[in-house]
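Visitor: Pasting a structure here, questions to come.
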Amino acid sequence: MFRSPRPAGLPHLHSLLDNIQASEKEIAKLIDVSVPTLRRYRAQGQAPRSVMLALFWESTWGLRTADVTAANHAAQYFALAQSLKRENDRLVKQLLRMGQELSNSQTGAANSPIFKIR
C-alpha cells in the first residue's frame with residue numbers, strides 16, 4: 001500500500017469505472033462484490049478504499065503508474081550497473097599497473113607501491 005495514491009489522489013469512482021473496459025459483471029467479479037453492490041457504490045459515488053485501490057490499479061492511471069515505476073527502476077539499476085562496471089575496470093587497471101611495477105622492481109623497497117615481504 002505504500003505505492004498506492006493517497007485518497008485525495010485517486011480519481012473519482014465514476015471515472016475509474018468508466019475507464020475500465022469491462023462489463024459491470026466482470027468488474028464486480030474482479031473486486032469480489034455482487035453487481036447490486038457495485039451499482040450501489042456507483043449511485044453513492046464512493047466505495048471502500050480497498051475497492052478504489054483495486055479499481056485504480058486496473059485503470060489506465062494505475063497501469064501507467066506501474067509502467068513508469070518499472071521504467072524508473074530499470075534506468076536506476078542500469079546506471080548503477082554501469083557505474084560499478086566503470087569502477088571495476090578502474091580497479092583492474094590499477095592492479096595491472098601495480099603488478100607491472102612489482103615485476104619491474106628489483107629491490108623491493110619499502111616505499112615502493114608494492115613490495116615483497118620475505
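Every number in this text was worked out from the coordinates using simple rules, so none of it is lab data. Computed from a predicted model, the values in this text were never measured in an experiment. Neighbour counts are summed over all protein chains in view; Cβ atoms, including those assigned to glycine, are modelled from backbone coordinates with ideal geometry.
Visitor: Within region 47-65, is even one residue surrounded by 11 or more Cβ atoms within 10 Å (Cβ to Cβ), among the basic types (Lys, Arg) and either in a helix (DSSP H, G or I) or out of contact with any Gly (no Cβ under 7 Å at 6 or more places or on another chain) (or both)?
Guide: Looking through region 47-65, at least one residue is surrounded by 11 or more Cβ atoms within 10 Å (Cβ to Cβ), among the basic types (Lys, Arg) and either in a helix (DSSP H, G or I) or out of contact with any Gly (no Cβ under 7 Å at 6 or more places or on another chain) (or both).
Visitor: Residues to consider are Thr37, Thr60, Thr65; find the one that is farther than 13 Å from Pro5 by Cα and within 19 Å of the chain's Cα centre (by Cα).
Guide: Thr60
Visitor: How many of the residues making up region 31-45 are part of a loop (DSSP other than H, G, I, E, B) and loosely packed, with under 12 Cβ neighbours inside 10 Å?
Guide: 3
Visitor: Cβ contacts < 7 Å: first residue without any contact (Cβ under 8 Å) to a residue 24 or more places away in the chain, restricted to region 21-45; second residue not in a helix (DSSP H, G or I), any location; separation 6+ or different chain. Result?
Guide: Ala28/Ser34
Visitor: For region 15-30, how many residues are part of a helix (DSSP H, G or I), in contact with a helix residue (DSSP H, G or I) (Cβ under 7 Å, 6 or more places away or on another chain) and either under 15 Å from Gln44 (Cα atoms) or of a type outside the set (D, E, K, R) (or both)?
Guide: The total comes to 6.
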